[in-house]
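See structure below.
The values are calculated or read from the model by the stated rules, or taken from the named source; none is laboratory data. Here the structure is a predicted model, which means the values were calculated and not measured. Heads up, the Cβs are rebuilt from the backbone with ideal geometry, glycines too, and the neighbour counts pull from every protein chain shown. Heavy atoms of the whole protein, side chains included, go into the accessibility calculation; ligands, DNA and RNA do not. Shrake-Rupley method; radii C 1.70, N 1.55, O 1.52, S 1.80 Å.
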Amino acid sequence: MKFIHLTDTHVVGADARLYGGNPAAMLSRAVASINTEHGDADRVIITGDLTHWGEPEAYEAFAQAISALTVPVHLMVGNHDATEALFARFPDTPRDPNGFVQTAFETDEGLFILTDTHMPGSHAGQYCAKRLAWLRNTLEQSCGPVFLFLHHPPFKVGIAAMDAIMLQDAEALHTVLAPHKHRIRHLFFGHLHRALFGNWRGISFSCMRGLNHQVALDLNGDPQSIQGNTEVPAYGVALVERDTVVVHMHDFTDSSQHFPLNAPQGTDPRTYALGFKEA
Ligand SMILES: [Fe+2]
């Protein structure tokens with residue numbers, strides 16, 4: 001099964017710019033790339049920060065951009081989103097019984113659990129007792145493989161200003177996950193605007209870059225100030241088999257030439273490689 005992990009689209013308006021970029025236009029470009037290159041994907045999961053300021057116009061621009069997507073899409077909220085404005089534009093977005101933007105659904109390879117870590121009025125993440133109860137119940141009612149999606153990471157990554165706004169209820173989350181850890185196949189999240197891969201207490205994870213602006217790799221930074229940059233955007237292409245989860249990071253705006261690494265028949269490989277010039 002193939003699916004797409006897209007995150008932190010930060011749309012502000014149909015033609016509005018943010019830190020020099022045009023998030024709606026970049027989302028349209030990502031949508032075109034997915035349709036063309038990965039139209040066979042099972043679904044697209046967008047792990048939050050759909051908009052930058054959460055206004056209705058931003059959700060309208062976001063909706064316009066993703067309306068061209070030919071693959072089913074699932075939306076999550078991040079710290080930059082406004083839940084009610086999201087529901088106003090996307091009234092069919094599933095909610096849990098307490099109104100949080102959480103849902104779980106079966107796929108060919110296991111249960112996908114999409115969580116809501118939004119803390120109103122804060123950029124940090126929250127996973128309160130009500131949300132934890134929903135997650136505990138969802139996990140207890142299932143027995144197969146689980147794929148977990150969060151906006152906020154439940155651990156520090158070494159970038160002080162981002163670590164300050166990680167998921168604040170990480171220990172409580174871990175307590176709920178722990179009995180099911182053996183069947184949690186991977187954790188996908190956003191928020192960090194960086195490509196990041198690793199393992200949290202035995203759970204493998206990956207994070208993708210955002211579409212508009214990124215967070216600089218600054219491991220000695222000021223905890224009060226997030227340093228941004230304009231590294232290229234990317235989305236994740238996840239390939240799931242019975243025994244593997246592979247996540248490719250796709251720099252979909254890259255336009256460099258594709259060329260064979262192996263020399264044409266009858267050509268000396270060394271001469272071919274050393275003499276190669278881009279067209
Ligand atoms: Fe973000």
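Worth pointing out:
- Among residues other than Cys128 with Cβ under 14 Å from its Cβ, the summed charge is -1 (Lys and Arg +1, Asp and Glu -1).
- Antiparallel DSSP beta bridges within region 1-104, as percent of all bridges there, nearest 5: 10
- Span from the region 80-147 Cα centroid across to the region 193-236 one, whole angstrom: 22
- Packing around the peptides 241-252, 144-155, taken as the average count of other Cβ atoms within 10 Å per residue, puts them in this order, highest first: 144-155, 241-252.
- Taking the longest Cα principal axis of the chain as reference, the axis of helix 23-37 is set at about 60 degrees.
- Summing charges over all other residues whose Cβ lies under 10 Å from the Cβ of Asp251, with Lys and Arg as +1 and Asp and Glu as -1, gives -1.
- Segments 208-220, 255-267, 13-25 sorted - mean Cβ within 10 Å per residue, highest first: 208-220, 13-25, 255-267
- Straight-line cross-link partners of Lys181 among the aspartates and glutamates, defined as a Cα under 15 Å from its Cα and at least 8 positions apart when in the same chain: Glu140, Glu171.
- Nearest-ten-degree value, helix 56-66 long axis tilted from longest Cα axis of the chain: 40
- Taking Lys and Arg as +1 and Asp and Glu as -1, the other residues whose beta-carbon sits under 9 Å from that of Phe147 total 0.
- Split the accessible area of region 2-275 by element, probe 1.4 Å, and carbon with sulfur accounts for 52%.
- Degrees separating the helix 129-140 axis from the principal Cα axis of the chain, which is the longest one: 70
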